[in-house]
Amino acid sequence: MSNAALRPCLTISIIFFFFFLFFSISSLPVLGQDDDGGKEMNPALLTYLTSMTYNRLSNITGILSSEITKNFDFCIKNPELDWNGAFNFSSNLTFLTSCVRQTNGDLMRRLCTAADIKFYFNSFYDSSGKNTFIKPNKNCNLSYWVAGCEPGWACSVAQDQKVDLRNSQEMPSRSLNCQPCCAGFFCPHGLTCMIPCPLGAYCPLAKLNKTTGICDPYLYQLPPGKNNHSCGGADKWADVGSSSEVFCSAGSYCPTTTAKVPCSSGHYCRRGSTSERRCFKLTSCDPNTSNQNIHAYGVMLFAALSTLLLIIYNCSDQVLTTRERRVAKSREAAARSARETAQARERWKAAKDIAKKHAIGLQTQLSRTFSRKRSVKQEELKTMAQARTSADSLLPHVSPASSSNASSAASTSKKEPSNLTKMMRSIEDDPESTEGFNLEIGDKHHKKMPKPKTMQTRSQIFKYAYGQLEKEKAMQQQNKNLTFSGVISMATDTEIRTRPTIEIAFKDLTLTLKGKRKHLLRCVTGKIMPGRVSALMGPSGAGKTTFLNALAGKATACTMSGIILINGKMESIHSYKKIIGFVPQDDIVHGNLTVEENLWFSARCRLSADLPKADKVLVVERVIESLGLQSIRDSLVGTVEKRGISGGQRKRVNVGLEMVMEPSLLILDEPTSGLDSASSQLLLKALRREALEGVNICMVVHQPSYTLFRMFDDLILLAKGGLTVYHGSVKKVEEYFSGLGINVPDRVNPPDHFIDILEGIVKPSPNANMNYKQLPVRWMLHNGYEIPPDMQASIPGTNPSSAGGASSSQAHDAGIPAQSFAGELWQDVKFSVELKRDNIQHNFLNAMDLSNRQTPGVARQYRYFLGRVGKQRLREARIQAMDFLILLLAGACLGTLAKVNDETFGALGYTYTVIAVSLLSKIAALRSFSLDKLQYWRESASGMSSLAYFLSKDTIDHFNTLIKPLVYLSMFYFFNNPRSSFLDNYVVLVALVYCVTGIAYLFAVLLEPSPAQLWSVLLPVVLTLIATQEKRSGVVNTLANMCYTKWALEAFVIANAERYSGVWLVTRCGSLMKSGYNLKSWSLCIAILVLYGMITRLLAFFFMVTFQKK
């Protein structure tokens, strides 16, 4: 026996339990043997003896099933089923009858006892594990060797010797009447007994090959010098690697262990088959075929899937274009509706003109109208006064001094439109107008800031106007003669939704970088107010972005001192997060969405949940019009790979994402950078219209044009080091600097001149008698602020020379002991740890919500995110198609190259499958989070739900979890053709893809794209190498159990090994024990893979929320 045939003792000893069943028939008597042994046995007695022998074998199954379950449950799932699969000879007992006839009824005395079986399998191994022969025993040894000791031969015991087949301690002396082993049995070399062959084996009597001297089909030779010795039966049964000649050959089937039938045409027979199987249609199965050729199905599926993927690849854009066309048609319908409302507006105007003729009865009619709608309480007088004021605003103003000319004034006013009509026409004619208005008082001074209680958004005006039109239509249907009181009641019966205001005041605001002793901001005092646009300017390094981050509550890794008041109270800015908009310097928008889709998603997630959809549409339309995005509303924003809108348009979309949520405080970091003068003015006009509605706007700008500069209300000018140089009205900045002796030259832009001075490029005029470093101190003196001690030397009247400053600095530095390299390294490490800690604390900061806005909950945001991600995936259909095509090719190649090996149950092909599917699925899953990190950080900082974002991504990726295994198996299964079912392989692959997708999420969240891809490639290869180690130590075994590849490979092998029965039992148990697999662990493997996927998803979500950068 070869070294490759060796297996551990426990592996082969399973045979002991199976064949022990045969030996329980010890009580069966030896019947029908003639005295001379030469006469033919009675047929009736022969049939009876055969039947009795088999019945005893069948009834013994339940006796040893508990022992089999206890010791061999790792490879035997159902003892009774496996017993029937190996030793159920009920369909054909011919071989047993023939053996009884051949031995003249002496069969029971020739069968191996339990002690023989145990000795047979234990003799394969010694302490070194290298023996290939049975050890000497009492029947076969160096001094005593009978013919029955030769392979394929067996002997009988003496007639007077009692044989207990259940005795596992002592081997009986068996050396009489030696003869060849019966067909259907095998007789080991070195033992004088025989054992039945299992189903699926072919154990005929051997024939001598005179050319080679070998007994075919077995591999033993006749003993030399014994001319009367002939070839006997089979000599061994073990795994397929060491005893393949016993297995029924491929292309044939063996209904019994003594008959082999060639497979007929249209059928196929695998190795070890007991029956032939019909081939599928469209397959080629010639006679003696070992496996059906189902490549045709693979080619058909390959062609069908490739065609489908090509259709998706080429038609995905067309599908979205068709949808956009349908949306455009609905927009045209809305335009027609708008024209109809315009006609209704003219009828409304005509009705009001008629009603003005009855001005004398206005007082009585108003009282009657409002008395029906309001309760008679203390508020009745106040309500009447408001209604009377509204009515007067609709009438032309009549001066008391000219009451006699009231009729002429009234007749003149007939030709002039009312205030409401003027307002509606002004909106239609000039949608970008910056006019302000007040419905309650009819204020015509549009430059005046409205009071907080009467601030209204553009969407409210649209809502008001269209609401009046709808009311008019309803009333016209009831009464075509519309009265003036009806008009007044409609005009006054409005619900005005005001936008809350945020005023931020700051005093001695100082930010110091932790661990560096460096001031980023210092002693900044001032206020930014609602309804005003404040410009923040200064040279590079002045702390402009740091100042904005401090106001927005985003400054981390800094020590902040001073106070910040929100509406005069010490409150956290995070309490107003839902009504604060922050526009980052980078244009962080979704490139695979259109302009309108970006704005509409932000509006739906960040506007109030109870705001009607129509109002949200009006808000989005207002922003699109004000930013001049009408012509590109249906254009994709674009990415690096795919060209979209221009840079200036992208910048405006970036600002529009915050405008659509109707903020009360809008902070912008360099929104005009990269824009031309016209685009900058368009953007600033839109921001000024927002300010007229009470929005507090603060923005960083670089080198604005003079026209743009004059459009700001306030200016905050910072010097290097974060010191304030000026904070006040834009109109007075030149006057202030003129007082310091700094005059702006002709044809020089004032902000450019001031920044050049702060940079030190331009020196102040000699009359100023100061340098640029003294400007912050001059501002402190101008406002009476306290001057820090280290800046006292810059106070006018003291010596401002640099020598004094240098000596002070040198004295300060001299007081600080010099640090060693280790000390500096420790400080840097400490600073990094503190920075991480501050970021984590900032991410989990929870403040009381004072914004008075209830945004959509997690469930509704999940629905919004789901729609957005689905739309993005549809636009990425070409990339998805390429992923599927690569999976198809991988399945075809691996299925063709890694054919199923019956000895390992296809472990090699499944190993390649685990690596390939893990690698390809991880690379594709990385795109879910790696490419949208910046967008997520921005959206989560604005208050959108991180859970909804994560769940929507994962939900859409479930499509790949279900489809990718199907795509891969459509090639691999039909080219590899394993014995396991398609469904079993599909379930394992689904669990595997689900697991590796979660791991990919974790890599995408924690690592940058390049390292994440590298880890996705290396991890499955390394884990598979660990999981497939044959000789494992305790540590390696623990590591292997932690590898997901081990459980995936085990599930594949188990599903395939379960299909091997009968003659394959020894091979199955040996292979499973060698690999450490358990046949009953298939469900456990699937559960562990799914559990890995869930755990990695939880970790990915935790790290996504914890380590996000706001």
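Throughout, read-outs are computed from the coordinates displayed, never taken from laboratory work. Bear in mind that the values here come from a model prediction, so they are computed numbers and not experimental data. Because the Cβ atoms are built from the backbone with ideal geometry, glycine has one as well, and the counts that use them run over all protein chains shown.
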Practice task
Report the net charge of residues surrounding SER252, where surrounding means a beta-carbon distance below 14 angstrom and charges are Lys +1, Arg +1, Asp -1, Glu -1.
Solution key: +1
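Is there a pair in LYS651/LYS933; LYS578/LYS933; LYS685/LYS763; LYS207/LYS899; LYS899/LYS1046; LYS569/LYS613 whose C-alpha atoms are over 23 Å apart, and which pairs would that be? Walk me through the intermediate numbers first.
Working: LYS651/LYS933 19 Å; LYS578/LYS933 21 Å; LYS685/LYS763 34 Å; LYS207/LYS899 33 Å; LYS899/LYS1046 20 Å; LYS569/LYS613 35 Å.
Checking Cα-Cα distances, LYS685/LYS763; LYS207/LYS899; LYS569/LYS613 exceed 23 Å.
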Practice task
Report the label-to-label distance for ARG517 and LYS642 in nanometres (one decimal), using points 7 Å from each Cα along the Cα→Cβ vector.
Solution key: 5.4
Handout entry: Calculated FRET efficiency for the pair THR1106/ILE563, C-beta based, R₀ 41 Å, to 0.05
Key = 0.85
Fill in the blank from the handout: Each label sits 7 Å from Cα toward the beta-carbon; between ARG747 and PHE280 the label points are separated, in nm, by 8.5
Exercise for the section: Report, in whole Å, the centroid distance computed from the Cα atoms of segment 904-944 and segment 1055-1096. Expected result: 26
Handout entry: Quarter of the Cα convex hull surface for segment 585-659, i.e. its orientation-mean projected area (nm²)
Key = 4.8
Exercise for the section: Only Cα pairs under 8 Å and at least 6 apart count here; give the relative contact order of segment 161-211 as a rounded whole percent. Expected result: 27
Problem - Estimated inter-spin distance, PHE982 and GLU170, nm [label 7 Å along Cα→Cβ] - result: 6.2
Handout entry: Summed residue charge, Cβ within 9 Å of LEU920's Cβ, Lys/Arg positive, Asp/Glu negative
Key = +1
Problem - Rg ratio (alpha-carbon, reference 2.2 N^0.38 Å) - segment 520-633 - result: 1.31
Completion exercise
Quick calc, segment 977-1110, dipole around Cα centre from Cβ unit charges on Lys, Arg (+) and Asp, Glu (-), nearest 20 debye, gives 140
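For ASN654, what is the net charge nearby, where nearby means another residue's Cβ is under 12 Å from its Cβ and Lys, Arg count +1, Asp, Glu -1? All intermediate terms of the calculation are to be shown ahead of the outcome.
Values: positive: ARG650, LYS651, ARG652, ARG938; negative: ASP586, ASP587, GLU658, ASP669, GLU670.
Overall, the nearby charge balance is -1.
Applying 1/(1 + (r/R0)^6) with R0 = 56 Å to the Cβ-Cβ distance of ASN901 and VAL858, what FRET efficiency is obtained, to the nearest 0.05? Walk me through the numbers before you get to the answer.
Numbers: r = 51 Å, r/R0 = 0.91.
Computed FRET efficiency for ASN901 and VAL858: 0.65.
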Handout entry: Separation of alpha-carbon centers, segment 688-738 and segment 950-999, rounded to whole Å
Key = 59
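Can you compute the FRET efficiency between ASP586 and LYS613 using 1/(1 + (r/R0)^6), with r the Cβ-Cβ distance and R0 = 35 Å? Round to the nearest 0.05.
Numbers: r = 31 Å, r/R0 = 0.89.
It comes to 0.65.
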Problem - Separation of alpha-carbon centers, segment 628-659 and segment 252-269, rounded to whole Å - result: 71
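Given an 8 Å cut-off on Cα distances and at least 6 residues of separation, report the relative contact order of segment 708-764 as a percent.
Reported as a whole number, the value is 24 percent.
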Practice task
Please report the relative contact order for segment 1021-1110, taking Cα pairs under 8 Å with a sequence separation of at least 6, and give it as a percent rounded to a whole number.
Solution key: 28
Problem - Computed magnitude of the charge dipole of segment 880-944 (debye, nearest 20; Cβ of K, R +1, Cβ of D, E -1) - result: 240
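In the structure shown, do any of LYS514/LYS544; LYS642/LYS922; LYS554/LYS922; LYS577/LYS953; LYS527/LYS577; LYS118/LYS1031 have a Cα-Cα gap over 22 Å, and if so which? Mind dumping the intermediate values first?
Details: LYS514/LYS544 18 Å; LYS642/LYS922 24 Å; LYS554/LYS922 34 Å; LYS577/LYS953 25 Å; LYS527/LYS577 19 Å; LYS118/LYS1031 26 Å.
Exceeds cut-off: LYS642/LYS922; LYS554/LYS922; LYS577/LYS953; LYS118/LYS1031.
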